[in-house]
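Have a look at the structure below, then the notes.
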Amino acid sequence: MSDKKKGIRKGLTNYGDDGFSLYLRKSFIKAMGYSDDALSRPLIGITNTYSGYNACHANVPDIIDAVKRGVMLAGGLPIDFPTISLHESFAFPTSMFLRNLMSIDTEEMIRAQPMDAVVLVGGCDKTVPALLMGAASAGVPAIVAVTGPMMTGTHHGERIGACTDCRRFWAKYRGGEIDADEVEELTNQLVPTVGTCGVMGTASTMALMTEAMGMMLPGGAAIPATFADRPRHAELTGTRAVAMAAEELTPNKIMTEAAFRNALRVLLAIGGSTNGIIHAAAMAGRLGIDIDLDAFDALGRDVPVLVDLKPSGQFYMEDLHRAGGLAPVLRELKDLLELDALTVTGRTLGEEIDALPASYPQNVVRPFDDPLYPGGGMAVLRGNLAPDGAVIKQAAADPALLVHEGRAVVFTSLADMAERMDDPNLDVTENDVLVLQNAGPIGAPGMPEAGYIPIPKKLAERGVKDMVRISDARMSGTAFGTIILHVAPEAAIGGPLGLVRNGDTIRLDVPNRVLELNVDESELAERRADWTAPPPHRGAERGYLNLFLDAVTQAPEGCDFEFLRKRR
Ligand code: FES
């Protein structure tokens, strides 16, 4: 290989003598049995996000095997390397706190080690955005292979799957409809196979957005983790990575403004997770692209929800796969998409849509003129309570609450909410508006998925299923309800959400995109003057928490670290 910047010669360790560095590198890697022929090939890195804590990634070893096969069939040399693995329910305080750390790990390991292209193997919610953020910053040709969704299980004859049903049954338990023994029984069935959550949660959303953005080979997003199609797609991904290395098809050529708009249109059409907006903003920021919330809202007015999956609809990801995966969605949206956007195949999105297999009858993806939900699946709200915006997934809300005025019942922190929510003496009615403060990127910290504020126990026991709930937190894509999230700026940095007091009146008007606190400006000015920041988090004087609090941006900028965003 003559080009010093390719293959094993790439990014030589700095000893001040390149010849010595290469000689040393070759000596060490040959200890693993590689021949000179193997080491002369294009090197394809593969992120190994396997972890014994991460059931969503349990099939990563199989995917890596298949990717390696594909790379070798195309004449490359595959080498996998570890990166951080994040599972939603095994990350304290919350996986979002660690997403940026994973992206830094990914970026620096891609840059530090020789590779001509990289296959990004991810799946669980934060992993795909973290991998793409890192790869976008590293600037090496990159392609995504996801682990794929889990299958559904059954409970007492009813089909169930993580994690919309996890929440539904937990709400039943809180309402006294099922007992603790049945909850235990459910833990055997809610996650019956490996793979990512089987509904339109954040993992499914990010997989479909990634395919729509052009960073995954067509047809890959919805294949279940346990299907033979999954490693077959991974094998093709490995093969394509070798060609991408030769073509120097770097992420900035694919992840363009048009590609992000296409991904956001798909986010709306699939009834995807609100987390998709935050991750899109973070990924785009790595390439110097801003995701404008009002522009997103405007896109939403043209894009109906087409995919009939939980939590907005009735089906599961395995049904979407059988219905054709993303293909029928792209076909229905074709007139709205920017078809010139380039994809990892080297062809445009328009060319890929033209090459899709023939359609067939199915009932999971609705026709554009007969949608599941006619308005945008999500709306961006503004007003004196959210000057920099807030988000609601209106498709998963109670339509009767989309225009609502109610009395605020305020919880000042997650701990306060946990302590008082089930107090029988809590002064709350079903017409009130539950407000959670200090649960944003800095306040919590890490902006946990606590925006799905539980219905107070005494109301749940009376059968109340939904109320207007507002916070600066996020919500799992698997959750549902009239829930306003991502309020910016957040309460902990002095945002107006932190000025709300018990008994204030809050006005929500989703059709007109309004979120207002009915308190006059002079009173708010007094409260602002009296406001004090919450006490510092324990351990904040050092380490990653210190870095996080110092550098994290607000939700509209994707909660990325300011120093990781591309400088203009
Ligand atoms: Fe991993 Fe839901 S917990 S995708």
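The values are calculated or read from the model by the stated rules, or taken from the named source; none is laboratory data. Values in this document were obtained by computation on a predicted structure and should not be read as measured data. Cβ coordinates were reconstructed from backbone atoms using ideal geometry, including for glycine residues, and neighbour counts include every protein chain displayed.
Taking each residue of the stretch 187-211 that is on the phi < 0 side of the Ramachandran plot and of a type in the set (S, T, N, Q) and looking for partners that are within 9 Å of the ligand (Cβ to nearest atom) and part of a helix (DSSP H, G or I) with beta-carbon atoms closer than 6 Å, six or more apart or interchain, yields THR196/CYS56; THR196/ALA203.
Only residues that are touching a residue at least 40 places away in the same chain (Cβ under 8 Å) and either over 23 Å from LEU497 (Cα atoms) or part of a loop (DSSP other than H, G, I, E, B) (or both) were counted across the stretch 541-566, and they come to 10. Reported count of residues in the stretch 466-479, each being within 15 Å of the ligand (Cβ to nearest atom) and either surrounded by fewer than 24 Cβ atoms within 10 Å (Cβ to Cβ) or of a type outside the set (Val, Ile, Thr) (or both), is 5. Looking across the stretch 89-104 at every residue that is within 16 Å of the ligand (Cβ to nearest atom) and surrounded by 19 or more Cβ atoms within 10 Å (Cβ to Cβ), the one that is nearest to LEU120 (Cα to Cα) is identified as MET102. Can you name the residue in the stretch 480-503 that is touching a Phe, Trp or Tyr at 6+ places or on another chain (Cβ under 7 Å) and in contact (Cβ under 8 Å) with a residue 60 or more places away in the chain and is also farthest from the ligand (Cβ to nearest atom) among such residues? This residue is GLY498. Scanning the stretch 20-74 for residues that are touching a residue at least 12 places away in the same chain (Cβ under 8 Å), in a loop (DSSP other than H, G, I, E, B) and within 16 Å of the ligand (Cβ to nearest atom) gives THR49, TYR50, SER51, TYR53, ASN54, ALA58, ASN59.
Contact map, the stretch 312-341: first residue more than 14 Å from GLY271 (Cα to Cα) and in contact (Cβ under 8 Å) with a residue 60 or more places away in the chain, second residue surrounded by fewer than 23 Cβ atoms within 10 Å (Cβ to Cβ) and of a type in the set (Phe, Trp, Tyr), Cβ cut-off under 7 Å, separation 6 or more or different chains; pairs are GLU332/PHE368. Only one of these is of a type outside the set (A, V, I, L, M) and free of Cβ contacts under 8 Å to residues at least 40 places away in the same chain: GLY440, GLY463, GLY446, GLY451. Name it. Among GLY440, GLY463, GLY446, GLY451, only GLY451 is of a type outside the set (A, V, I, L, M) and free of Cβ contacts under 8 Å to residues at least 40 places away in the same chain.
Scanning the stretch 457-492 for residues that are under 23 Å from GLU177 (Cα atoms), modelled with pLDDT under 95 and touching a strand residue (DSSP E or B) at 6+ places or on another chain (Cβ under 8 Å) yields a total of 1.
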